[in-house]
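Here is the structure we will look at.
The values are calculated or read from the model by the stated rules, or taken from the named source; none is laboratory data. Computed from a prediction, not measured in an experiment: that's the story for all the values here. Methodologically, a virtual Cβ is constructed for each residue, glycine included, from the backbone with ideal geometry; neighbour enumeration extends over all protein chains shown.
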Amino acid sequence: MRLCSNEIVKGDLMKIGNKRKSRLSEFTIKEYGINGVLLAILFLLGLFLSWKLSWFAGLLYLVFWAASYAVLFAMTCRNCANYGKSCPVPLEGSCVQRFFGRGEKFGFMAGAGAVLAYFMRVCIPFVAIFQMGSFLYFILYTGVFAGFFYVLLYHTGCPNCINTNCPFNPDYCV
């Protein structure tokens with residue numbers, strides 16, 4: 001049996017995955033502008049929280065954030081259908097060709113690379129939040145992080161993406 005994210009399976013009324021909005025081969029500021037704003041807020045809030053922990057944590061945060069691009073580019077972006085074009089996340093798909101050649105397969109390792117990269121981006125701020133014991137910072141930072149991914153996965157990115165090898169794509173089939 002073939003399971004596709006845009007099909008109803010065996011009469012079940014529940015759809016799996018995103019609903020298709022469009023098939024964009026390139027994303028403009030109109031499509032990803034809100035993602036850029038949320039990513040910038042996530043970065044700046046993370047820097048603030050890391051720096052509050054210590055100057056070393058702040059510097060380490062900057063190093064981890066920069067290194068996360070290398071992980072993303074090497075494991076995810078180079079294998080994506082949007083390689084070398086603008087994608088829904090600013091500074092990712094459109095920059096990868098400057099650092100890595102085109103990959104061949106967007107699979108499990110591409111997803112693992114994205115998870116690792118975003119873990120690198122948020123681990124120090126969460127350590128700072130737990131060290132401070134601040135419920136308010138936890139709610140704020142987690143909200144921005146979750147909001148970024150909610151908008152990306154359900155509104156601006158995945159419903160418009162042409163990367164059919166990604167499980168979040170509406171046209172993905174197993």
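Odds and ends about this structure:
- Note on the range 59-79: among residues that are surrounded by 19 or more Cβ atoms within 10 Å (Cβ to Cβ) and out of contact with any Lys or Arg (no Cβ under 8 Å at 6 or more places or on another chain), the one that is farthest from V115 (Cα to Cα) is Y61.
- Residue count for the range 89-115 satisfying the condition of being in a loop (DSSP other than H, G, I, E, B) and in contact with a Cys (Cβ under 7 Å, 6 or more places away or on another chain): 4.
- Search result, residues across the range 116-133 that are over 18 Å from the mean Cα position of the chain (by Cα), surrounded by fewer than 20 Cβ atoms within 10 Å (Cβ to Cβ) and assigned to a helix (DSSP H, G or I): V127, F130, Q131, M132
- Residues located in the range 134-158, provided they are within 17 Å of A114 (Cα to Cα), buried (at least 18 other Cβ atoms within 10 Å of the Cβ) and among the aromatic types (F, W, Y): F145, F148
- Remark: pairs (first residue in the range 50-64, within 14 Å of Y141 (Cβ to Cβ); second residue surrounded by 19 or more Cβ atoms within 10 Å (Cβ to Cβ) and β-branched (V, I, T); Cβ separation under 8 Å; 6+ apart in sequence or on different chains) = S50/I124; L53/I124; Y61/I124.
- Residue count for the range 74-103, restricted to those that are more than 20 Å from I34 (Cβ to Cβ) and among the hydroxyl-bearing types (S, T, Y): 2
- Selected residue (criterion: farthest from L44 (Cα to Cα)) from residues of the range 87-113 that are touching a residue at least 40 places away in the same chain (Cβ under 8 Å) and crowded, with 20+ Cβ neighbours inside 10 Å: F106
- Hey, V71 in contact with a helix residue (DSSP H, G or I) (Cβ under 8 Å, 6 or more places away or on another chain), of a type in the set (A, V, I, L, M) and under 17 Å from N35 (Cα atoms) or not: no
- Listed conditions (1) of a type outside the set (F, W, Y); (2) modelled with pLDDT of 90 or more; (3) in contact with a Leu (Cβ under 9 Å, 6 or more places away or on another chain) are all met by V89, apart from (2).
- Residue check for S50: crowded, with 16+ Cβ neighbours inside 10 Å, under 14 Å from the mean Cα position of the chain (by Cα) and within 30 Å of M132 (Cα to Cα): no
- Among residues of the range 114-126 that are free of Cβ contacts under 8 Å to residues at least 24 places away in the same chain and among the aromatic types (F, W, Y), those with a Cβ under 8 angstrom from a residue that is surrounded by 22 or more Cβ atoms within 10 Å (Cβ to Cβ) and assigned to a helix (DSSP H, G or I), sequence gap 6+ or separate chain, pair up as F126/Y141.
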